[in-house]
Amino acid sequence: MTRLRRSTTLLSLLLGLLVCQQVQGEPAEGCFPAIFAFGDGQFDTGTISGTFPTILAYDHPPYGQTYFKKPSGRYSDGRLMLDFIAEALGLGRISAALQTVTSDYSSGATWGSAFSTITSVAAGHTAGPGLFLSPFGIGVQVMQFVEFQLSVNSQVNKQARLMAKLRGDFTDDAPSEDKKKKKKKDPKKPRYFLQEINNDDEMKPLAVNMTLLELEAPTMRLPKKGSWSNALYLIGTGGHDITNNLNNGKSIKHVEDMFPRLINTLGESLTRLNHLGARHVIVFGLEPQGCQPWLLTRIRHTADDLDWKGCLVKYNNLVQNFNRMLRNQVANWRQSHDGLDIYYFSQYDVKIGLLTNDTAGFKSTNTACCGVAGSTYNVNLMVPCGPPAMDPATNMTETPTVCSNPNEYLYWDGMYTTEAGNRYVIQQMLTGKYFDIPFPLLTEKCVVNPLS
């Protein structure tokens, strides 16, 4: 074997070690070392994009234009609530767990999926014209988390064994042909990995210019030590269970009768997460869906069906009933799960408050910033925000346009919130006013960064 081949063999060994990740570092006192998120599009930073690349409108401009300057796998013009929570906690971007090639999971991961549900999706069911339902319901997401945790733990254990062995094979000097000649150690020199290479006839030491730090650096790409039990877990889903059933002809009474089963299913997922280490959990209540531009477009209505804010009364009442049941169940889960710090966050109250708060800076609260002009709510259900598309109703190609001031709009594409709206919701969350009980670990003990 030539020296070049020996070097190549050893470097291949070392590069193989680089993929072995290690959880390291201790969580900061009173704060969260990572975020793990489950639910629908409010937490989706690339799940659907990674699964169905380039197929959906939000993989194309103008999505992402405000902050990322390009599509980023998010249903928004910029950052999501998940991004702002991570920023407040001093964490990096929360990558979608399905994006495994280049992703950095040192700050956690999200299994959130746009258009996902609590219940399993029946074949052929859709959320309405031009929409679909995700195959990644909450139960599937939790199963994916189980696999993620097993994979991380396996890599950690493997890397720990390898590093323990390799540390003994590092030296401050490259091997010298002259064994009698001793060189003074230079603290600035890199440490060398020393490995005996079999050259058929003899064993010779070979030094590779790779420092111990270089070997350990890739281990920073997984959650830090203690993350399973010290991380902040976010759960937010259920809205598409309501709209899917109503849009498939189910009555409001039928949907309300489903609520106990939906929340029980959510509880089963929560219990499993708790068994896997989850201790600090925020459950997001549903937003006022009756105010969403896409639903106002989808549901035929008269002025009598709207409240003074321009929202569909029956839909918002339905959402409030779900939220009340969910909030009560969160309190029950808190009592029935030992060591579980769980809180209900009323996203509904935040957004309803925004609709009536003239000082919040939002001038348009039920019109989409990005959509096809000409409709009351700037929404064409068959031509979503994104690239030009054929409208089957007119057989004409329509081109969505973008408002000039997205920071003054609550809704970006008619369903999902603008970056400005997401920032506002998290700013209100961090005041602590919208939790069912005080959450001092988040709002008092943790040093929270101002949102950009």
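What follows is calculated from the coordinates using simple rules that are stated; it is not laboratory data. Treat the numbers as computed from the prediction; the structure is a model and nothing was measured. All Cβ positions, even for glycine, are placed from backbone atoms using ideal geometry, and neighbour counts span all protein chains on display.
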**Study point:** Inter-probe distance in nm under a simple model that places probes 7 Å from Cα toward Cβ, at ARG221 and ARG272
**Key:** 2.7
**Study point:** Cross-link pairs LYS69/LYS309; LYS158/LYS225; LYS250/LYS314 - those with Cα-Cα distance over 23 Å
**Key:** LYS69/LYS309
Review point. Points 7 angstrom from Cα along the Cβ direction at THR302 and VAL146: gap in nanometres?
Key: 5.2
Practice item. With a point put 7 Å past each Cα toward its Cβ, work out how far ALA373 is from ILE55 in nm, to one decimal. Key: 3.3
**Study point:** Packing-based ranking, highest mean first, of 134-146, 255-267, 299-311, 234-246 given that Cβ atoms within 10 Å are counted
**Key:** 234-246, 134-146, 255-267, 299-311
Exercise for review: Starting from the Cα-Cα distance between VAL448 and GLU256, subtract it from 0.36 nm times their residue separation and give me the gain in nm to one decimal.
Suggested key: 65.3 nm
Check your understanding: Order of ILE426, ILE252, ILE342 from fewest to most other C-beta atoms within 10 Å?
Key -> ILE252, ILE426, ILE342
Check your understanding: Across segment 109-115, in residue order, what do the Karplus-derived ³J(HN,Hα) couplings come to in whole Hz, using 6.51 cos²θ - 1.76 cosθ + 1.60 with θ = phi - 60° and x for Gly and Pro?
Key -> 7, 10, 10, x, 9, 4, 6
Practice item. Work out, step by step, the length gained on full extension between THR431 and THR394: first 0.36 nm times the residue separation, then minus their alpha carbon distance; give nm to one decimal. Key: 8.5 nm
Revision key, fill the gap. Spelling it out for LYS225: with amide H atoms placed in the peptide plane at 1.01 Å from N, the residues 5 or more places away or on another chain with amide H under 5 Å from its amide H are GLN24, GLY25
